[in-house]
Amino acid sequence: MSLLSVAGPGVTAAQADPPTDSYPPAGYSPVFVDNFDGPSLDTSVWNYRQTSQSNDSNVTVSGGELHVNMERVSTSTGLDGYRGGGISSKQYYGYGYYEVRAFVPSGLPGWHPAFWTQIWDGGQAQAAFDNTDFTELDVFENQPTTVGGVKTTYLDGGDLTWDADPQGSDVELSHSARVKWQPTAAGTNPLGGWHTFGLLYTASSLTYYLDGLQVGNPLPNTSLPNSPMTLWLTAIPTNAADLDSTQPVGHSYGTFDVDWVAYYAPGGTTPATTPTGLLAARRQPSVTPDLGDNADEWVTNGVGRWAVTTSGGTQSYGVSSTSGDAVSSYGLGPTANNLPYVPNWSNGSVEATVTLDSTGDGAGLLARYQNDENYYYLELNPTTQQVSLVKKLDPTGTGATVTTLAQAPLAITTGTPYDLTLVTDDDTVTGYVNGTRVLSATDTSFMIGSIGVKGYNQAFGVSGLQVDALG
């Protein structure tokens, strides 16, 4: 493969010039290049990775490079004590040449720096792709190993074919052999230094390159669907047992650094993929749940009588019960397969107008809802005349602990509508009442989940419900 030194005609994305230390095949021209030369991440091109192991704040751009920090965030020795981050492209690609110049730190077992692809674009409210087979290309992934009794890492690559169930859970259909990024004949070690990693993906094979030199033998491509794929650059914790738990909270284990990333195709045109036209329509960065469709989109815990009422053309969803813990969650039940996305958000806001009907206990909004025993809760309580940020946590299923994360006095009158907003942003949970920030707390117990509404010994109604992704 020859070194690229001239610009191609079809470059998109950040409108960057093609890198000079790139090795595309003959006849391939650039379609996408990002040199990360701006002051911050170009969010018109990229989404932040939204998973329970990612913090947006761990992704920065400076000095013409992308940096993904890997850090310890709490004293927990489980995965929840650690956070990485990552980005994924908003544009989709297929057959072609994928390439990145990156620095992957050596000797970080438990951490998973990677350059890979998949059908989801990483935006929140993940699209559901039931009965749609799709391809994942792993250009490289950091893998743990033990050498001479010492835990360390190596890089490998390969491909997988997936399907998804109606709730968005991945179901593996097949996978290839793995190509190890061993040092080349020239002695190049792919870890601990700057290198150019390339993958040529065609209808017949996958061929890997390190600094322009072929690595191993091409993998035959006999069954991979030419599905739409987005680019992912990520570094997250994957195995708690391999992580160095002796480090204090706030410790950085290092950064996964990227100089540039590029995609090339014959003639500079992305080959058509299947399915087409499905993806953009199914990504939901902003969702207004249908309050009237509570039979299909809402799941209650069986407490109280939930109903939709209409007054003055406005729908209100609520519960008439004044006894017990009445919870309704959005889109996670067995009938939710009619949703065209998985209703999970990491960094986002849920807002609604909440009206309390009695002088009992409180009611409000839920975020990062896992189940009826695990969530964040913004509560209005007319009895105590307080607004509270509450965490309900039951990690082992043996009984929940309810913790008040923050609390403030507030004059609350039954029958009066209050505009509530509950925002989750990395490890910060913030509550607003009528547009004014009233509470904020730091917590890492939940990093992704659905939304919901709740009342405890309180009849209430909600209207104007909306969920928005951040970033």
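One residue stands out among those in segment 404-421 that are surrounded by fewer than 16 Cβ atoms within 10 Å (Cβ to Cβ) and within 18 Å of Asn457 (Cβ to Cβ): the one that is modelled with the highest pLDDT, which is Thr404.
One residue stands out in segment 11-26 among those that are open to solvent by 30 Å² or more (accessible area, probe 1.4 Å), closer than 21 Å to Trp46 by Cα and part of a loop (DSSP other than H, G, I, E, B): the one that is modelled with the highest pLDDT, namely Asp17. Go through (1) within 30 Å of Val73 (Cα to Cα); (2) modelled with pLDDT of 80 or more one by one and return the number of the condition Thr161 breaks. The single condition Thr161 does not satisfy is (1). Counting just the residues of segment 422-471 that are open to solvent by 30 Å² or more (accessible area, probe 1.4 Å) and charged (D, E, K, R), which one comes out modelled with the lowest pLDDT? Of everything passing the filter in segment 422-471, Asp468 is modelled with the lowest pLDDT.
Segment 165-284 holds strands (runs of 3 or more DSSP E) entirely within its bounds, and those carrying 2 or more residues that are at pLDDT 80 or above and more than 26 Å from the chain's Cα centre (by Cα) map to 194-201, 205-210, 213-220, 252-266. Residues that are in a strand (DSSP E or B), in contact with a Phe, Trp or Tyr (Cβ under 8 Å, 6 or more places away or on another chain) and of a type in the set (S, T, N, Q) occur in segment 27-45; there is at least one. Picking from residues in segment 387-403 that are in a strand (DSSP E or B) and open to solvent by 40 Å² or more (accessible area, probe 1.4 Å), the one that is farthest from Gly435 (Cα to Cα) is Thr401. On inspection, Val462 qualifies as in contact with a helix residue (DSSP H, G or I) (Cβ under 9 Å, 6 or more places away or on another chain) and among the β-branched types (Val, Ile, Thr). Residue under question is Asp372, and the condition is that it be within 24 Å of Glu297 (Cα to Cα) and either in contact (Cβ under 8 Å) with a residue 60 or more places away in the chain or among the hydroxyl-bearing types (Ser, Thr, Tyr) (or both); does it hold? The answer is yes for Asp372.
Among all positions in segment 387-402, there is at least one residue which is hydrophobic (A, V, I, L, M, F, W, C), without any contact (Cβ under 8 Å) to a residue 24 or more places away in the chain and on the phi < 0 side of the Ramachandran plot.
The values are calculated or read from the model by the stated rules, or taken from the named source; none is laboratory data. What you are looking at is a predicted structure, and each value in this text was computed from that prediction instead of being measured. Neighbour counts run over all protein chains shown; Cβ positions are idealised from the backbone, glycine included. All accessible areas refer to the heavy atoms of the entire protein, side chains included, with ligands and DNA or RNA removed. Shrake-Rupley method; radii C 1.70, N 1.55, O 1.52, S 1.80 Å.
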